[in-house]
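Asker: One structure, pasted below without further comment.
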Amino acid sequence: MTVDRIWLILGKKLSGEASPGELEELEKMLRHHPNLHYPIQNITDLWRLKKPINRAEALASLQKHLLRLGEAEAPAASAAEAAFPRNAESHIIKKRSRSFIGVAAFGALALLLSYAVYYFGKAETLKKNEIATRAGAHSKIILPDGSTVWLNAGSRLIYNKNFDAAIREVELIGEAYFDVKKDTTRPFIIHAQKMNIRVLGTAFNVKSYPGDKNSETSLIRGLIEVTIDDRPNEKIILHPAEKLVVMNDGQTKNEADGKIAGIPSPVVISKINYAPADSAVIETSWIDNRLIFRNKIFSELVVELERKYGMAFRFKDESAKQLMFDVNFKNETIHQVLQALQLANPFNYSIEKETIVISK
């Protein structure tokens, strides 16, 4: 089971025992399961508290959850029992002198699997609110603390029902604009595909769609602190009018053996972009139902069109993908948009069922 494998490798990673191949495997699996970033971040934060792990308590907690859920009700239980048989405690004690790191790995995995069963088990699952928008739609959300979130097309916002507690946390899949109500006693944290953003009170945009090459956050006012999943020891502070872009695929090829190895994701900090005509902020223009593209190639531009209009695009030839556009739309139909694009840079298009086919 993929989720079991993720918890297993994460435990080895935190205890320093994961191989480069396992770390690469973990990164790939998490790209296919973005919903796991939220619990994994919580586990990682707990691990970094540097508090000593009580193996007996961790094992007792794990066994308690397994007994509650039962073998038939909890898929994670079989993996947990395989990883920790009934004599696991005595087995590890016998090997204590041989491998202290092994004991640390056990403690990490016991904690992780206990949390995993708690998180995924039916009897222990935290109740969550999830708000989703379909392609071509936006939604405005008022969170329990009074913060406002505008959710872009094809996006999801997830938060616990006890959100209005000591720490305000949400998980974002897609794009959203946040106007966070200031509260110095309760930080507001957003978990996205590659980033974790911590704020007290500010306004900013986060764009992190699965499958996109980059994730980004653009700050309008206030300050935000950003950490990147594969650069956990770095804290990046953004100031107003700054934008952070992180590549979602942090990989490179080893010239010696030709294998792909994970590397920290490249990060770029720049200024947000403004439309020449009226100085509108391009990164947040979608809130006003606008599409503003500056020096954007066609293959990237159609991704935004697909989300806004709920239509699929297909290119017949590579040359059409490279056409460059500098355009500005508001409230136009998809046909009006295509006709305006044709005037800016000639191409042909046809509609086959619900797919728009582009050719040169």
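The values are calculated or read from the model by the stated rules, or taken from the named source; none is laboratory data. Note that the structure is predicted; figures quoted are calculated from it, not measured. FYI the Cβ positions are ideal-geometry reconstructions off the backbone, even for glycines, and counts take in every protein chain you see.
Asker: Is there a residue in segment 322-333 that is out of contact with any Ser or Thr (no Cβ under 9 Å at 6 or more places or on another chain), farther than 16 Å from ILE297 by Cβ and of a type in the set (D, E, K, R)?
Answerer: Yes, some residue in segment 322-333 is out of contact with any Ser or Thr (no Cβ under 9 Å at 6 or more places or on another chain), farther than 16 Å from ILE297 by Cβ and of a type in the set (D, E, K, R).
Asker: Separate question: Among the candidates ILE167, ILE236, ILE224, which residue alone is of a type in the set (Val, Ile, Thr), more than 25 Å from LYS127 (Cβ to Cβ) and surrounded by fewer than 19 Cβ atoms within 10 Å (Cβ to Cβ)?
Answerer: ILE236
Asker: Restricting the search to segment 21-31, which residues are within 13 Å of ASP230 (Cβ to Cβ) and either crowded, with 17+ Cβ neighbours inside 10 Å or not basic (Lys, Arg) (or both)?
Answerer: Of segment 21-31, the ones within 13 Å of ASP230 (Cβ to Cβ) are 23-24, 26-28, 30-31.
Within segment 21-31, LEU23, GLU24, LEU26, GLU27, LEU30 qualify.
Asker: Could we say that LYS140 is touching a Ser or Thr at 6+ places or on another chain (Cβ under 8 Å) and assigned to a strand (DSSP E or B) here?
Answerer: So LYS140 fits the description; yes.
Asker: Checking the conditions here, which among GLY154, GLY174 is buried (at least 17 other Cβ atoms within 10 Å of the Cβ), touching a helix residue (DSSP H, G or I) at 6+ places or on another chain (Cβ under 6 Å) and at positive phi?
Answerer: Values: GLY174 fails: touching a helix residue (DSSP H, G or I) at 6+ places or on another chain (Cβ under 6 Å).
Answer to the check: GLY154.
Asker: Conditions: (1) buried (at least 19 other Cβ atoms within 10 Å of the Cβ); (2) in contact with a Leu (Cβ under 8 Å, 6 or more places away or on another chain). LYS207 meets all but one. Number of the miss?
Answerer: With (1) buried (at least 19 other Cβ atoms within 10 Å of the Cβ); (2) in contact with a Leu (Cβ under 8 Å, 6 or more places away or on another chain) applied to LYS207, the lone miss is (2).
Asker: Here's a follow-up. Of all the residues that make up segment 228-276, how many are among the hydrophobic types (A, V, I, L, M, F, W, C), out of contact with any helix residue (DSSP H, G or I) (no Cβ under 8 Å at 6 or more places or on another chain) and at pLDDT 75 or above? Can you show your working first?
Answerer: Kept after step one, since they are among the hydrophobic types (A, V, I, L, M, F, W, C), are these residues of segment 228-276: 228, 236-238, 241, 244-247, 256, 260-261, 263, 267-269, 272, 275.
With the extra rule that they be out of contact with any helix residue (DSSP H, G or I) (no Cβ under 8 Å at 6 or more places or on another chain), the set shrinks to 228, 236-238, 241, 244-247, 256, 263, 267-269.
From what's left, at pLDDT 75 or above: 228, 236-238, 241, 244-247, 267-269.
Summing the residues that are among the hydrophobic types (A, V, I, L, M, F, W, C), out of contact with any helix residue (DSSP H, G or I) (no Cβ under 8 Å at 6 or more places or on another chain) and at pLDDT 75 or above in segment 228-276 gives 12.
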